[in-house]
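What follows is calculated from the coordinates using simple rules that are stated; it is not laboratory data. Note that the coordinates shown come from a computational prediction; the quantities given were computed from them, not determined experimentally. Positions of Cβ are backbone-derived with ideal geometry, glycine not excepted, and every protein chain shown enters the neighbour counts.
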Amino acid sequence: MNADKIQCFLVDDEPLARQRMKHLLSKFSDIDVIDEFGNGADCIEATLKDCPDLIFLDIGLPDYNGLEVVSELVVELEHLPMIVFATAYDEHALAAFELNALDYLLKPISMDRLSTTVERIRDTIASQSRPAEEEKLRKWMSSQSRQDDAEYLKRVEIKERGGTIFVPVEEVHLFQADGNYIEVHAKQGVSLLRMTMAKLESQLAPDQFVRVSRSGIVAAARVKSIEKRGRHDSWVNLDTGDRVGATRNLDSLGETIKKLG
């Protein structure tokens with residue numbers, strides 16, 4: 001890897017699309033494609049391990065969509081990579097991306113359009129405006145996850161072999177990621193839900209549940225105490241005896257607990 005170049009990831013579930021994008025980007029001497037991925041989960045894992053400067057991110061991924069990938073990164077990273085969305089959606093539906101993301105590319109991607117995007121990336125780096133772009137993206141992602149109170153999830157639908165059970169959200173004290181599933185910890189026991197954490201978080205009332213890490217969402221009313229375990233990490237202790245590692249959103253958690261108190 002060349003530290004003088006802009007290190008980037010390519011994320012698209014179509015191998016031919018990634019191949020074409022790599023070919024187009026090879027025309028820019030200051031862009032270095034250091035890895036490529038066909039799904040959101042692998043992109044998230046690699047970004048948390050070795051955060052690149054830039055991600056070209058397809059919105060229509062088979063597991064996490066592009067917005068869910070960014071939502072996961074927002075939770076875990078203090079500093080986000082620059083994000084350029086790629087999509088086949090109609091251009092008129094993408095005003096929000098133009099206003100709030102660094103940029104977006106409409107498929108099929110043309111060399112002229114990519115050149116404009118690369119110039120914007122260069123200008124962002126040269127003008128040292130990356131923090132402002134990042135803050136704009138974080139605020140936009142937060143606004144995308146908000147819902148009206150009437151739309152917040154009231155019951156969790158758990159599908160099992162014998163049928164479907166419904167767990168009232170008010171009875172849940174912890175949601176914890178387990179591979180492709182989420183463990184739903186409630187007073188009647190633990191059930192498995194097939195959903196991404198980002199999607200679940202967007203459906204839960206923020207004055208009742210708080211995302212404390214990539215893998216954990218807790219019911220604020222069940223928090224007994226918060227204790228530091230490192231410079232950036234903490235333990236969240238629930239009144240059920242559960243202990244959850246926390247890496248983010250502790251200020252938000254504290255404020256929510258104060259409101260409930």
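Amide H contacts under 5 Å for Ile6: Ile31, Asp32, restricted to partners 5 or more places along the chain or on a different chain, H placed in the peptide plane at 1.01 Å from N. A straight Cα-to-Cα reach below 12 Å connects Lys159 with none of the aspartates and glutamates, residues fewer than 8 places away in its own chain not being considered. How about Lys154: which lysines have a C-alpha closer than 28 Å to its C-alpha, ignoring those fewer than 8 places off in the same chain? Answer for Lys154, where 28 Å is the Cα cut-off: Lys139, Lys187, Lys199, Lys224, Lys258, Lys259, listed by chain and number.
Local charge sum around Asp35 (other residues, Cβ-Cβ under 12 Å, Lys/Arg +1, Asp/Glu -1)? In short, -2. Segment 43-81 and segment 1-37 have Cα centres spaced 15 Å apart. Between the amide H of Arg155 and those of Val169, distances stay under 5 Å, these residues lying 5 or more places away or on another chain, with hydrogens modeled in the peptide plane.
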